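Heads up, the thing below is written out as structure tokens.
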Protein chains: 2
Amino acid sequence: MARTKEFNEDQALDKAIEIFWHKGYNGTSAQDLVNHLGLSRSSLYDTFGDKQKLFVKSLKRYQKQNLDSLNELFENAENIKTALTEIFKQAVIESLQDRITKGCFMVNSAVELAMHDPEIAKIVHDNQKVVEDIFCNAVKKGQDLGQISDKQDARSLARFIFNNYSGIRVLARAGEKDKQVYDDILKSIFSLF
Amino acid sequence: MARTKEFNEDQALDKAIEIFWHKGYNGTSAQDLVNHLGLSRSSLYDTFGDKQKLFVKSLKRYQKQNLDSLNELFENAENIKTALTEIFKQAVIESLQDRITKGCFMVNSAVELAMHDPEIAKIVHDNQKVVEDIFCNAVKKGQDLGQISDKQDARSLARFIFNNYSGIRVLARAGEKDKQVYDDILKSIFSLF
DNA sequence: AAAAATACGGAACAATCGTTCCTGAATTGG
DNA sequence: CCAATTCAGGAACGATTGTTCCGTATTTTT
């Protein structure tokens with residue numbers, strides 16, 4: 001009956017993630033989206049509804065991508081402690097590599113929008129819970145295998161890890177480029193395991 | 001010669017801090033400022049120049065207030081470790097008390113603006129250095145007094161503390177209201193000292 | 001070939017943005 | 001009193017905001 005879509009919706013969403021991640025919700029204009037997604041205004045609004053809906057869809061997609069890779073990492077990990085250090089080391093690498101760094105899209109969105117948009121607040125809060133659970137299960141497994149000290153209970157440690165991850169992403173977003181700063185933090189974190 | 005100002009500039013700045021802190025830079029309109037500061041548009045622009053200048057002045061004032069109280073806390077502290085716990089406990093209390101929580105104005109501004117406004121980036125970065133130094137000196141003093149373990153060097157510990165403080169403020173901004181979450185994080189943090 | 005559906009560019013929308021300016025009244029120091 | 005300055009209020013600015021709509025081209029299915 002009808003003409004097929006010429007663009008790939010997921011690819012467009014990935015583009016939307018990029019620009020929302022970089023500029024934030026309020027900092028991204030409709031024109032920015034048109035320019036960056038390469039879609040016409042009409043296609044954009046026909047496909048995604050409005051700016052807020054597009055943002056929510058972008059954030060959910062970002063969340064899924066991150067959770068998937070996090071789960072995959074722990075599933076394939078032989079040593080949990082090593083896997084945890086890999087996560088942080090990767091965050092540090094990302095923080096240092098570009099001239100500018102975008103931090104974490106979820107953290108940025110939490111700070112900018114969670115107070116003012118209940119839908120975003122729910123996504124952020126759910127994400128926090130899920131990541132916390134992933135960390136918690138990983139820590140438990142690590143403790144069972146004797147790879148992680150069991151002086152701290154797994155839940156506390158998971159929340160602690162999450163907190164430091166957030167902190168590092170803020171540091172990156174703030175433009176910190178001194179590797180020593182990150183390394184000092186990591187040293188302290190992992191002295192606890 | 002001239003009529004005296006009817007409003008107190010510092011009080012107006014405190015009002016500006018409140019609303020910028022709550023809504024962010026891009027989320028606060030000129031009309032919001034007029035309504036909340038209780039000044040006319042003309043007085044506002046005559047006094048502070050423009051929105052960005054007002055924001056910078058607000059953020060600097062917020063910074064000074066925080067640094068002053070931080071310095072005062074450590075100067076009067078008999079036990080450094082206790083003082084550090086007080087800082088975090090206070091942050092937790094603030095996070096839980098209001099229905100909505102604003103987090104930390106400096107952290108919020110870092111996430112929203114540091115990438116896009118060099119002037120803000122400099123304030124954020126300077127603040128980070130100063131707070132880090134305050135923590136570092138405090139930790140050193142605590143280690144000398146035998147109140148804090150000297151297994152970690154003071155600089156690392158200071159950066160670690162700063163990182164967790166940022167993380168907690170993000171958590172608060174994200175709307176976390178479960179005291180147990182904060183307590184778990186604090187327990188892990190202070191198991192390191 | 002006809003009909004249905006979608007893409008596209010761009011015009012156009014009302015609303016809001018940050019900012020400037022004008023007015024007239026109020027208050028101050030000389 | 002005079003001159004200078006600041007006040008409040010509101011009109012008005014051009015620019016940009018998010019969004020809608022139109023006309024036309026293109027592609028698909030019947």
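Coordinate-derived values only; no laboratory data. What you are looking at is a predicted structure, and each value in this text was computed from that prediction instead of being measured. We place every Cβ from the backbone using ideal geometry, glycine too, and count neighbours over all the protein chains shown.
Residues that are acidic (Asp, Glu) and more than 8 Å from chain B (Cβ to nearest Cβ) within segment A:72-130 comprise A:Glu72, A:Glu75, A:Glu78, A:Glu86, A:Glu94, A:Asp98, A:Asp117, A:Glu119, A:Asp126, listed in sequence order. Taking the condition in a loop (DSSP other than H, G, I, E, B) and within 11 Å of another protein chain (Cβ to nearest Cβ), does A:Lys177 pass? When the stated conditions are applied, A:Lys177 passes them. Here A:Lys15, A:Lys53, A:Lys57 are screened, and the one residue that is surrounded by fewer than 14 Cβ atoms within 10 Å (Cβ to Cβ), more than 14 Å from every other protein chain (Cβ to nearest Cβ) and more than 11 Å from DNA strand C (Cβ to nearest atom) is A:Lys53. Would you check if there is a residue in segment A:63-80 being under 25 Å from B:Met115 (Cβ atoms) and hydroxyl-bearing (Ser, Thr, Tyr)? There is at least one residue in segment A:63-80 that is under 25 Å from B:Met115 (Cβ atoms) and hydroxyl-bearing (Ser, Thr, Tyr). Looking at segment B:60-70, can you tell me whether even one residue there is of a type in the set (D, E, K, R) and within 30 Å of A:Arg99 (Cβ to Cβ)? Within segment B:60-70, one or more residues are of a type in the set (D, E, K, R) and within 30 Å of A:Arg99 (Cβ to Cβ). Just one of the listed residues (A:Tyr62, A:Tyr25) is more than 16 Å from DNA strand C (Cβ to nearest atom) and either within 20 Å of A:Gly167 (Cβ to Cβ) or not in a helix (DSSP H, G or I) (or both), namely A:Tyr62. Away from DNA strand D (no atom under 15 Å from the Cβ) and in a helix (DSSP H, G or I), is that true of B:Glu78? In short, no. If the condition is being touching a residue at least 12 places away in the same chain (Cβ under 8 Å), more than 22 Å from the chain's Cα centre (by Cα) and either more than 10 Å from DNA strand D (Cβ to nearest atom) or part of a helix (DSSP H, G or I) (or both), then segment B:33-43 contributes only B:Ser43. Screening the candidates B:Lys53, B:Lys57 for the property of being at negative phi and free of Cβ contacts under 8 Å to residues at least 40 places away in the same chain yields one hit, B:Lys53.
Yes or no, residue by residue, for (1) within 24 Å of B:Ser95 (Cα to Cα); (2) facing another protein chain (nearest Cβ under 8 Å); (3) more than 14 Å from the chain's Cα centre (by Cα); (4) free of Cβ contacts under 8 Å to residues at least 12 places away in the same chain:
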| residue | (1), (2), (3), (4) |
| --- | --- |
| B:Gly142 | no, no, yes, no |
| B:Ile148 | no, no, yes, no |
| B:Arg159 | yes, yes, yes, no |
| B:Asn163 | yes, yes, no, yes |
| B:Val170 | yes, yes, no, no |
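Residue check: is A:Leu67 away from chain B (no Cβ under 14 Å), under 27 Å from B:Gly27 (Cβ atoms), of a type outside the set (Gly, Ala, Ser) and touching a residue at least 24 places away in the same chain (Cβ under 8 Å)? Against the criterion (away from chain B (no Cβ under 14 Å), under 27 Å from B:Gly27 (Cβ atoms), of a type outside the set (Gly, Ala, Ser) and touching a residue at least 24 places away in the same chain (Cβ under 8 Å)), A:Leu67 does not qualify. Of the residues making up segment B:87-106, at least one is over 21 Å from A:Ala110 (Cβ atoms), out of contact with any helix residue (DSSP H, G or I) (no Cβ under 6 Å at 6 or more places or on another chain) and touching a residue at least 40 places away in the same chain (Cβ under 8 Å). Of A:Lys129, A:Lys89, A:Lys60, all but one fail to be under 19 Å from the mean Cα position of the chain (by Cα), within 19 Å of A:Val170 (Cα to Cα), away from DNA strand D (no atom under 16 Å from the Cβ) and basic (Lys, Arg); the exception is A:Lys89.
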